[in-house]
Amino acid sequence: MKKKIMGITAGRKNSNSEILLKEALLACQEAGAEVTMINLRDYNILDCTGCTVCTHGMSQGKNVGCTLDEKDDKKAIMEVMLDQDGVIFSTPTYDLMGCAMMAKFLQRGLSYETSFLEAINAIEHRDRVGGLIAVGGSTRSWMSMALESIQAGMFTTDINVVDMYLATRVPAPSQCLLHDDMIERARALGENVLKAACTEPQDRKWLGDPDMGWCPNCHSNALILGEAQWDGLHYPIECQVCGAGGTLEKTEENTWKFVIQEDGLDRDRTTVEGRAKHLVEIAHTQGGFYTKENLDAVNARIGKYKDLSFPSI
Ligand SMILES: Cc1cc2nc3c(=O)[nH]c(=O)nc-3n(C[C@H](O)[C@H](O)[C@H](O)COP(=O)(O)O)c2cc1C
């Protein structure tokens with residue numbers, strides 16, 4: 001059966017993100033895949049309101065969906081996206097990160113969180129693969145969270161990212177067309193996504209640059225100093241994307257590398273099991289909030305802030 005590969009972008013029309021995505025999809029189509037592509041700019045996507053009706057429903061064993069389902073196009077897109085074997089995302093970099101349109105789309109994924117929905121037997125597990133492209137006018141220095149910010153939106157729907165490409169120094173519309181190497185790299189990313197989609201889930205592996213990023217688990221280039229987590233777990237250094245924990249070690253070449261410790265993938269956010277641990281945290285922290293004592297205390301204190309307003313515009 002033909003593999004289904006979808007492209008989702010949020011870049012300018014006929015410009016860098018769209019062009020590189022189209023080249024990646026073309027490689028998939030030429031190799032026999034069934035291809036779909038959308039630009040989020042053509043759709044109405046509302047911001048998550050933070051109502052948490054979806055997760056409250058899940059905590060009671062029900063898949064209630066999103067309160068915005070009938071109000072915008074997210075659900076219609078998700079119905080197609082979740083039926084794919086692979087998805088390629090491409091985004092322009094705005095203020096070091098993936099653009100707000102892409103972030104808005106991805107952050108509406110909470111009501112689709114597979115680790116939560118699988119835990120209540122609302123959905124069957126399905127493995128998907130993905131590739132990410134981030135385009136920017138500068139070098140990595142000014143694109144420092146571009147790929148990582150969209151990587152963070154892949155977990156909710158079990159998209160296993162097998163390749164990522166940071167396309168640098170193309171600020172002007174369609175400027176990537178002057179760089180054959182960029183077009184070739186985008187094509188290779190498409191080929192890698194299709195190759196992974198054609199591989200059994202247990203045999204899938206990272207197909208991008210083997211040396212990409214600090215994190216040997218998710219290949220992000222973003223580490224943070226670890227702090228004690230809600231239950232006391234404390235890794236010296238964490239990958240800020242997948243949550244792998246470990247430390248920095250000096251190599252023989254006198255450079256640094258991030259080494260994941262023995263229990264460092266305990267909360268690996270790229271896996272359903274790792275994310276399910278976050279469900280335990282939410283049940284403890286948010287669930288633990290809803291006691292009569294806490295609600296009475298909040299109600300007693302909230303008046304000061306409800307009655308307080310400052311000049312607005
Ligand atoms: C509001 C705004 C913010 C931007 N911020 C960055 C940035 O932080 N880093 C960067 O490298 N490029 C930045 N850029 C440049 C775009 O990423 C660049 O023009 C890119 O080619 C746009 O992709 P597109 O042609 O697919 O729309 C910014 C552009 C805009 C409009």
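The values are calculated or read from the model by the stated rules, or taken from the named source; none is laboratory data. Fair warning: this is a prediction, and the values are worked out from it, not measured in the lab. Here the Cβ positions follow ideal geometry from the backbone for every residue, glycine too, while neighbour counts run over all protein chains shown.
Of note:
- A search for C-beta distances below 7 Å between a residue of the range 27-40 that is polar (S, T, N, Q) and any residue that is buried (at least 17 other Cβ atoms within 10 Å of the Cβ) and part of a strand (DSSP E or B), counting only pairs 6+ apart in sequence or on different chains, returns Gln29/Val35; Thr36/Met6; Asn39/Thr9.
- Within the range 92-141, restricting attention to residues that are more than 16 Å from the ligand (Cβ to nearest atom) and among the aromatic types (Phe, Trp, Tyr), the residue that is surrounded by the fewest Cβ atoms within 10 Å (Cβ to Cβ) is Tyr112.
- Comparison of Cys176, Cys198 shows that the only residue that is in contact (Cβ under 8 Å) with a residue 12 or more places away in the chain and under 22 Å from Leu96 (Cα atoms) is Cys176.
- Members of the range 1-17 found to be part of a helix (DSSP H, G or I) and either of a type in the set (Gly, Ala, Ser) or within 19 Å of the chain's Cα centre (by Cα) (or both), listed by number: Ser17
- Single match in Val298, Val272, Val280 (criterion: β-branched (Val, Ile, Thr) and closer than 17 Å to Gln60 by Cβ): Val280
- Residue check, Val272 crowded, with 20+ Cβ neighbours inside 10 Å, under 18 Å from Ala152 (Cβ atoms), touching an Asp or Glu at 6+ places or on another chain (Cβ under 8 Å) and not basic (Lys, Arg): no
- Qualifying residues in the range 196-213 (those that are surrounded by fewer than 19 Cβ atoms within 10 Å (Cβ to Cβ) and in a helix (DSSP H, G or I)) - the one nearest to the chain's Cα centre (by Cα): Pro201
- Gly50 crowded, with 16+ Cβ neighbours inside 10 Å and either within 19 Å of the chain's Cα centre (by Cα) or at pLDDT below 95 (or both): no
- Leading residue by the ranking (surrounded by the fewest Cβ atoms within 10 Å (Cβ to Cβ)) among those in the range 231-258 that are among the hydrophobic types (A, V, I, L, M, F, W, C) and closer than 16 Å to Arg269 by Cα: Leu233
- When Ile77, Ile45 are screened for being at pLDDT 95 or above, in contact with an Asp or Glu (Cβ under 6 Å, 6 or more places away or on another chain) and either away from the ligand (no atom under 16 Å from the Cβ) or polar (S, T, N, Q) (or both), only Ile45 passes.
- Verdict on Gly32 being small (Gly, Ala, Ser) and within 16 Å of the ligand (Cβ to nearest atom): no
- Check on Phe89, at pLDDT below 95 and surrounded by 16 or more Cβ atoms within 10 Å (Cβ to Cβ): no
- Sole exception among (1) crowded, with 16+ Cβ neighbours inside 10 Å; (2) over 19 Å from Val161 (Cα atoms) for Ile5, by number: (2)
- Complete set of residues in the range 154-180 that are modelled with pLDDT of 95 or more, away from the ligand (no atom under 16 Å from the Cβ) and not in a strand (DSSP E or B): Met154, Asp180
- Look at (1) among the acidic types (Asp, Glu); (2) under 30 Å from Gly243 (Cα atoms); (3) surrounded by fewer than 11 Cβ atoms within 10 Å (Cβ to Cβ) and you find that Asp307 fails only one, number (2).
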